[in-house]
Amino acid sequence: MEDNLKLTCLYDKHVALGAKMSPFAGYMMPIQYTGITDEHLAVRTKVGMFDVSHMGEIFISGPDAERYVNHIFTNDVRGLDAGKILYGMMLYPTGGVVDDLLVYKEFTPDSFLLVVNASNIGKDYLWMLDNAAGFDVRIDNASEEWGQIAVQGPDAEKVVVDVLGWPGAASLGFYTFSDFECGERMIISRTGYTGEDGFEIYASPEMTNRLWDDFLKAGVAPCGLGCRDTLRFEAGLPLYGDELSADITPVEAGLSMFCKLDKDEFIGKDVLVRQKAEGTAKKLVGLEIFDKAIPRAGYPVELEDGTAVGVVTTGYHSISLDRSICFALVDSAYSRLGTPLWIRIRKKVFPGEVVKKRFYQTNYKK
Amino acid sequence: MSKIIEGLLYSDSHEWVKVDGDVAVIGVSDFAQAEMGDITYVDMPEVDDEVTKGEDFGALESVKASSELYSPVSGVVVEVNEALEDAPELVNEDAFANWIIKVKMSDKSELDDLMDAAAYAEIAK
């Protein structure tokens, strides 16, 4: 095993289930149990669960919490009701992305939970501290104290209600959450990263282990990071490091709807305002090639004459759609739907065209 | 434990060769297919393409990864296994029965660099 790799609280469960384990974001994580295709289809047709305990939980509280979160976050939390969740990004002054995250408006006044990518926890926490001057807030990185299981798929509601013995889970709307008391605090949120209905359940490491076993007994398929990526990709969801980075702005990534430019200010706003007005040099698009060959991250996107106009960021032969599709960052001049583009895959060049990024029709609870 | 067949020659990049006169029938080993997992696409050259010993002539793709195929011999492709275009999973089902390309060899002495089954068994584990 590599040095300094962390283990999630469910590590022993993964090993006992025979998962193929691999380093990801500083953690030893399950990539697959039975196979990526099986697990992908379990989530699309029934229900699967993911250990996402590696994700970061950072709590913000204090008299200036709302004003502070709005300063570092692209979406608008002003007046947000307790129990609501917003997706958005933290930006550098350049408009590049520090991280994409979920912000939970807590039931305690002046309190927020920020859920960030595992690979960025340390960087994000420092970024938050560095940008807190002048705000009366407390910033608490509690990532090590929380486990998290994502239960995803059309049968997720039924199985979560049964396992928790809590019918209230059924009435949670998309992007809302509830606290659940069971001798300790659990957070149950109607969110996910698969394009299906589902829940993300935050609990202590001990409770997370009990829940994992209970979901397993209830017939929920354990799913690894392999299909987490194929699922989020089909649903048109970006992954930090692939579609978002310090060098890619939300406007370039097509995520402007999560950036509220009518707010007085937030870090990076000026650049986004300018990009919205003037356009960007690059844009993230969906691309399909008319072949079974698979476009992978890093492969060049070209015009018919071989001129390079972009690069693939994520690509698969889609399991649910049986199409060879990818996200690609291309020159904006070639970003319109239907534009013919070519992808170089090893020694061959495959024709294709720009298509919508949401490849798969998502099935979220309203 | 993966299957290894006696009488074939093997490369250290996990291709096998069956010699049929001047023609090398080339596939991947059972070990290689097991390492890849579910194969979803086999990228193959075309008939009359030249291949060079040690250089890639195509690739196997699984959902998550692609793995290049290296030619164990030099020569000209005389046949590709078209069945794999529509059914790449055949390689998973039987990696030895489902060859990938046939190459008319330009230098049969290159075969001397390949391993026999016993030697290959040492590296395929």
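Numbers at a glance
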read-out: Number of the exception - B:ALA97 against (1) outside any strand (DSSP E or B); (2) among the small types (Gly, Ala, Ser); (3) within 14 Å of another protein chain (Cβ to nearest Cβ); value: (3)
read-out: Residue count for the range A:90-105, restricted to those that are touching a residue at least 40 places away in the same chain (Cβ under 8 Å) and either part of a strand (DSSP E or B) or at positive phi (or both); value: 9
read-out: Identity of the residue in the range B:60-76, within 13 Å of another protein chain (Cβ to nearest Cβ), of a type in the set (A, V, I, L, M, F, W, C) and surrounded by 17 or more Cβ atoms within 10 Å (Cβ to Cβ), that ends up farthest from B:PHE31 (Cα to Cα); value: B:VAL63
read-out: Matching entry among B:GLU15, B:GLU35, B:GLU79 (being surrounded by fewer than 22 Cβ atoms within 10 Å (Cβ to Cβ) and modelled with pLDDT of 95 or more); value: B:GLU79
read-out: Those residues of the range B:68-108 which are farther than 15 Å from B:TRP16 by Cβ and small (Gly, Ala, Ser), in sequence order; value: B:SER74, B:GLY75, B:ALA83, B:ALA87, B:SER106
read-out: Those residues of the range A:79-89 which are touching a residue at least 24 places away in the same chain (Cβ under 8 Å), closer than 28 Å to A:ARG274 by Cα and more than 14 Å from the chain's Cα centre (by Cα), in sequence order; value: A:LEU80
read-out: Count of the range B:31-59 residues which are under 18 Å from B:ALA95 (Cβ atoms), more than 9 Å from chain A (Cβ to nearest Cβ) and either in a loop (DSSP other than H, G, I, E, B) or among the hydroxyl-bearing types (Ser, Thr, Tyr) (or both); value: 1
read-out: Residues of the range A:214-227 that turn out to be assigned to a helix (DSSP H, G or I) and either touching a Lys or Arg at 6+ places or on another chain (Cβ under 6 Å) or within 11 Å of A:ILE149 (Cβ to Cβ) (or both), as a count; value: 4
read-out: Test: residue in the range A:106-115 that is buried (at least 19 other Cβ atoms within 10 Å of the Cβ), in a loop (DSSP other than H, G, I, E, B), touching a strand residue (DSSP E or B) at 6+ places or on another chain (Cβ under 7 Å) and touching a residue at least 60 places away in the same chain (Cβ under 8 Å); value: no
read-out: From A:GLU181, A:GLU144, A:GLU206, A:GLU157, residue being loosely packed, with under 14 Cβ neighbours inside 10 Å and farther than 22 Å from A:ALA118 by Cβ; value: A:GLU181
read-out: Output for the range A:9-29, where each listed residue is crowded, with 18+ Cβ neighbours inside 10 Å, not in a helix (DSSP H, G or I) and not hydrophobic (A, V, I, L, M, F, W, C); value: A:TYR27
read-out: Lone unmet requirement of (1) within 12 Å of chain B (Cβ to nearest Cβ); (2) free of Cβ contacts under 8 Å to residues at least 40 places away in the same chain; (3) of a type outside the set (Val, Ile, Thr) for A:ALA293; value: (2)
read-out: Residues satisfying the stated conditions in the range A:219-244, i.e. within 14 Å of A:ASP99 (Cα to Cα) and small (Gly, Ala, Ser); value: A:GLY241
read-out: Scope the range A:297-314; condition surrounded by 18 or more Cβ atoms within 10 Å (Cβ to Cβ) and within 14 Å of another protein chain (Cβ to nearest Cβ); matching residues; value: A:TYR299, A:VAL312, A:THR314
read-out: Residue match in the range A:222-241 (condition: of a type in the set (Asp, Glu), buried (at least 19 other Cβ atoms within 10 Å of the Cβ) and either more than 30 Å from A:LEU17 (Cα to Cα) or in contact (Cβ under 8 Å) with a residue 60 or more places away in the chain (or both)); value: yes
read-out: Selection status of B:LEU84, part of a helix (DSSP H, G or I), within 14 Å of another protein chain (Cβ to nearest Cβ), closer than 30 Å to A:GLY224 by Cβ and in contact (Cβ under 8 Å) with a residue 12 or more places away in the chain; value: yes
read-out: Residue within the range A:268-290 that is away from chain B (no Cβ under 14 Å), small (Gly, Ala, Ser) and closer than 30 Å to A:ALA132 by Cβ present; value: yes
read-out: When residues of the range A:319-333 are limited to those that are under 16 Å from A:VAL354 (Cα atoms) and out of contact with any Lys or Arg (no Cβ under 9 Å at 6 or more places or on another chain), the one farthest from the other protein chains (Cβ to nearest Cβ); value: A:ALA333
read-out: Output for the range A:312-366, where each listed residue is part of a loop (DSSP other than H, G, I, E, B) and either in contact with a Pro (Cβ under 7 Å, 6 or more places away or on another chain) or β-branched (Val, Ile, Thr) (or both); value: A:ILE319, A:THR339, A:THR362
read-out: Odd one out for A:PRO63, checked against (1) in contact (Cβ under 8 Å) with a residue 60 or more places away in the chain; (2) in contact with a strand residue (DSSP E or B) (Cβ under 9 Å, 6 or more places away or on another chain); value: (2)
read-out: Residue within the range A:30-48 that is assigned to a helix (DSSP H, G or I), surrounded by fewer than 20 Cβ atoms within 10 Å (Cβ to Cβ), basic (Lys, Arg) and away from chain B (no Cβ under 14 Å) present; value: no
read-out: Conditions (1) touching a helix residue (DSSP H, G or I) at 6+ places or on another chain (Cβ under 8 Å); (2) in the same structural domain as A:ASP214 (by TED's automatic domain parsing): number failed by A:LEU41; value: (1)
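The values are calculated or read from the model by the stated rules, or taken from the named source; none is laboratory data. No experiment lies behind these values; they were computed from the predicted model shown. Methodologically, a virtual Cβ is constructed for each residue, glycine included, from the backbone with ideal geometry; neighbour enumeration extends over all protein chains shown.
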